[in-house]
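Undergrad: I am attaching a structure below and will ask some questions about it afterwards.
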Amino acid sequence: MRRLHPRSAAVDAAQGGLQLGSLGLFGGFFLANEASVLPFSVALLLAPLGFLLGAGYQVGYYYRFSYELSEEELLVTSGVVGRQRREIPLERVQNVDVSRPALKRALGLAVVRFETAGGSSTEATLDAVDPDEADRLQRQAGPEARRRREGSAGDTTDEASDATGDGATAPSGSGGSAVGDAPAANGVGDANPGARVDDTEVVYEISNHELRVLSAVSFRPGAFAIPFVGIPLGGEDLVVRALQFVGIDLRAGLRELARLDPTTLALGAVALVAAYLLAVWLVSVVLTYLQYYGFRLERTGDELRYERGLVGRYSGTIPLGKVQTVRLGENVLMRQLGYAALAVETAGYAAGSGGDGGSETTVPLGVRGDVFELARDVLAASDDTGRYEASEELRGPDASDRFADSDASDGFADADADELTAAETTPVADPAFQQPAERARSRYVRRYLIGLGLVCVGLFGASRLTGLPTAAAGLPALVAPLTPLAARLKWRHRGYHETEWSLVTREGFWRRRTRIVPVFRLQTVLVSRTIFQRRWTLASVTADTASSAGGGAVVYDVGPEQAEKLRVSLLDRLDNALSERRRAARKRARRAAAGGERVGPSRAPAASDEEPGGHAETARGDEHREPQHDGSDAATSGEGRANDETEFQWVDGVDPDGTPTNGHHDDEG
Amino acid sequence: MQLQTLHPRVRLVWIASTLVSAGFLAGFGVAGDAFGIRLPVGPSPLALFGGLAALVGLMGVVFAVLRYRVWGYEVRDDSLYLVRGVLTRRVSSVPFVRVQHVDTRRGPVERAVGLASVVVYTAGSRGADITVPGLTPDRATELRERLRELAADSDYDAV
């Protein structure tokens, strides 16, 4: 069993001690002076007592925390008072993240986080270990463990027996061979990053130029708040002076403001907004630069690993077999410059705990053609049945863009040429993507107008309460002529595209996101119609996956019949894709069984446990805070396998949802 | 299998749940009145909150009736099919392969009127838990067992 880094224990102890100590200090003063419950001399003791308690707890935590990474699982034992022992099978691990924020980095520490699909928070956090150790963990839990599993399947040491999870015997057999083919597994020469894994290739590395472009064009919503954060730190003065400069004395108050002549007021407002936006942009530039400095994406076997950061260093792994959705992002500036970003969504992250709200940026900015190429590679690698064909699904987003021809280097530039001219002459037509129904555009116009109207009403109310001129309430109405354009842009950038293998959806003008959802990853399909949509006889289809980025891919505002058709066809194709995967898994299992190794009785397709997506029990972990015990896992899957040999009730090709279901609700629209 | 409707008494469960919030509102009004609080403008707190409570209660009844009319579910060959939603009509399909586990649940009000719910969990990110309310306990158990069997049959890729 290993311990965390002692230095981290010392830091935590100091921190915990100071926290409780200061609490004791202030609490003691309060009790002695204000409340006069305690004599002063006793109260004075509270501070050191608090310090000792806080520090002691942390020291205890350090001594009671241990972890062990074996070939099959990560075992973490922790807890000062209540003890907790958690076993995480490595094949269930979705991502392994190593973060070294500035302070930890200065102290030579790294925090390792193991994410699984289950649970509402990170499954295991090692805070903190030595950076080399973090590296070892990341490597050993990821590509090396996977290669070992594959290796044992490959040389017919029988995946199935492995997956039955009957403990010590089978794994030790395969383990022996594993040590053979992956000598680095036992962490001999950890210090040298180059030497450890032989087949690591750098897939992407941000260039200085790209980093500068990225910083300039990326737009961080969070940056909006930051100028306000600066205000208490003396920024206030600056704002007031700036306003005075353009003739507004903020100290004179709002009344005064109302008495100013309109031109000064308007100029002041414009200047203020401009200054604010500039500040937001600068903050955004700096943050982006710091975040993505030295971004680098490598591929080791079937795993991607990124590294980034100037002040703090962050890295994370993305097993390709666990990719739920691939998301391409292009904001309006990136589109103009011919760049795109790529994010990969897995089931691993608790919302907001890591990455970009549940997904990992795999390419922050790259030439669009290259990014699409990589997206295709990722998708192809994510399906182990090899059914993914480099179909035209990604051509759509390319073809509709003006600068598609700038990346002539990529393979499909020629094919685009015709479509491109078509797209230019009839800008609405997008050959691959199917836009929302025509009438949705009118709906958007109406929606924007109603929104503007509400803002007007709000301003009118405000002008009554404050001294603002009533005419200001009419200002938003000036934007009204732009609503058709906005509606058109919204409409045009929304759309979907169906292929045999996936569903591609797209939305957003300012930040366009194209999501590619492999059909075999679908969880549920939802057709929804709000009362407003029913008024226009429109419906939206949500294809939900287990991706922890949330949201699912949404096909907006299509006709109800089309929505229903899409729902049925998605379920159909899910069915087909799963049968195919099942067949492939069975074939693998049979081949393994033919290899002469014993297979668990009545559990022939047990190899499915080995599948990347093969969570039988753990994916919904809220109910089971420790769902990963071998035993419970085997129990559920075992239950399911009781009638193994009976053919699955639903056979390929049978229309699963044949009955049309419209009648039920249409009459109420 | 036809689209199944819920048990009519489920309306009572829904109404009861809105009555609780309406009761809270009314409570505010009564309390405000008892302490003699007056708003600078407008009606007395009792009238204001009483009115709100009545409105919420009424809406609750109307919605319960409408929701009951809309709700339907069907166990199809390979998926659980649900229609629900008053303002936003939602039609969802939950393939059995994706079912993680199935619970039956009986809240206090449900027990009082002799009903139960079945909760179907998936690993999905949106609407991951799907509740089928308004089932008699027998029917709930039966549905749960059926779903469990179907899910187990197709146990392959849950995520």
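Undergrad: Would you pick out the residues in the stretch B:95-149 that are part of a strand (DSSP E or B) and over 17 Å from the mean Cα position of the chain (by Cα)?
TA: B:PRO95, B:VAL99, B:GLN100, B:HIS101, B:THR122 - these are the residues of the stretch B:95-149 that are part of a strand (DSSP E or B) and over 17 Å from the mean Cα position of the chain (by Cα).
Undergrad: If you don't mind, there's one more thing I want to ask. Hey, does the stretch A:47-66 have a residue that's closer than 20 Å to A:GLY316 by Cβ, touching a strand residue (DSSP E or B) at 6+ places or on another chain (Cβ under 6 Å) and of a type in the set (Phe, Trp, Tyr)? Working first, answer last.
TA: Of the residues in the stretch A:47-66, the ones closer than 20 Å to A:GLY316 by Cβ are none.
Looking through the stretch A:47-66, none of the residues is closer than 20 Å to A:GLY316 by Cβ, touching a strand residue (DSSP E or B) at 6+ places or on another chain (Cβ under 6 Å) and of a type in the set (Phe, Trp, Tyr).
Undergrad: Kindly state which strands (runs of 3 or more DSSP E) lie completely within the stretch A:1-118 and contain at least 3 residues that are within 17 Å of A:GLN138 (Cβ to Cβ).
TA: In the stretch A:1-118, the matching strands (runs of 3 or more DSSP E) lie at A:66-69, A:73-78, A:93-100, A:110-116.
Undergrad: Kindly check whether there is at least one residue in the stretch A:479-500 that is β-branched (Val, Ile, Thr), crowded, with 16+ Cβ neighbours inside 10 Å and in a loop (DSSP other than H, G, I, E, B).
TA: Among the residues of the stretch A:479-500, at least one is β-branched (Val, Ile, Thr), crowded, with 16+ Cβ neighbours inside 10 Å and in a loop (DSSP other than H, G, I, E, B), which makes the answer yes.
Undergrad: Would you be able to tell me the number of residues in the stretch B:83-98 that are within 7 Å of chain A (Cβ to nearest Cβ) and farther than 26 Å from B:ALA152 by Cβ?
TA: Counting residues in the stretch B:83-98 that are within 7 Å of chain A (Cβ to nearest Cβ) and farther than 26 Å from B:ALA152 by Cβ gives 4.
Undergrad: Out of the stretch A:452-464, which residues are surrounded by 13 or more Cβ atoms within 10 Å (Cβ to Cβ) and either without any contact (Cβ under 8 Å) to a residue 12 or more places away in the chain or among the β-branched types (Val, Ile, Thr) (or both)?
TA: The answer is A:GLY453, A:VAL455, A:SER463.
Undergrad: I'd like the full set of residues that are free of Cβ contacts under 8 Å to residues at least 60 places away in the same chain and assigned to a strand (DSSP E or B), limited to the stretch A:518-532.
TA: A:LEU522, A:GLN523, A:THR524, A:VAL525, A:LEU526, A:VAL527, A:SER528
Undergrad: Another question, then. Only one residue in B:VAL83, B:VAL65 is within 19 Å of the chain's Cα centre (by Cα), at pLDDT 90 or above and not assigned by TED's automatic domain parsing to the domain that holds B:ARG148, so which one is that?
TA: On inspection, the qualifying residue turns out to be B:VAL65.
Undergrad: Could you go through the stretch A:505-513 and let me know if any residue there is touching a residue at least 60 places away in the same chain (Cβ under 8 Å), within 14 Å of chain B (Cβ to nearest Cβ) and within 31 Å of the chain's Cα centre (by Cα).
TA: no
Undergrad: Suppose the filter is acidic (Asp, Glu), away from chain B (no Cβ under 14 Å) and buried (at least 19 other Cβ atoms within 10 Å of the Cβ); does A:GLU438 pass it?
TA: Answer is no for this residue.
Undergrad: For a quick check of your reading of the model, give me the residue pairs whose first member lies in the stretch A:1-14 and is closer than 18 Å to A:LEU49 by Cα, whose second is assigned to a loop (DSSP other than H, G, I, E, B) and of a type in the set (Gly, Ala, Ser), with beta-carbon atoms closer than 8 Å and at least 6 apart or on different chains.
TA: none
Undergrad: Could you check the stretch B:78-94 and list, in sequence order, the residues that are surrounded by fewer than 22 Cβ atoms within 10 Å (Cβ to Cβ) and assigned to a strand (DSSP E or B)?
TA: Selection gives B:VAL83, B:ARG84, B:ARG90.
Undergrad: Among the numbered criteria (1) small (Gly, Ala, Ser); (2) at pLDDT below 85; (3) closer than 22 Å to B:PRO108 by Cα, which single criterion is violated by B:GLY60?
TA: So the condition that B:GLY60 fails would be (2).
The values are calculated or read from the model by the stated rules, or taken from the named source; none is laboratory data. None of these values were measured; they are calculated from a predicted model. We place every Cβ from the backbone using ideal geometry, glycine too, and count neighbours over all the protein chains shown.
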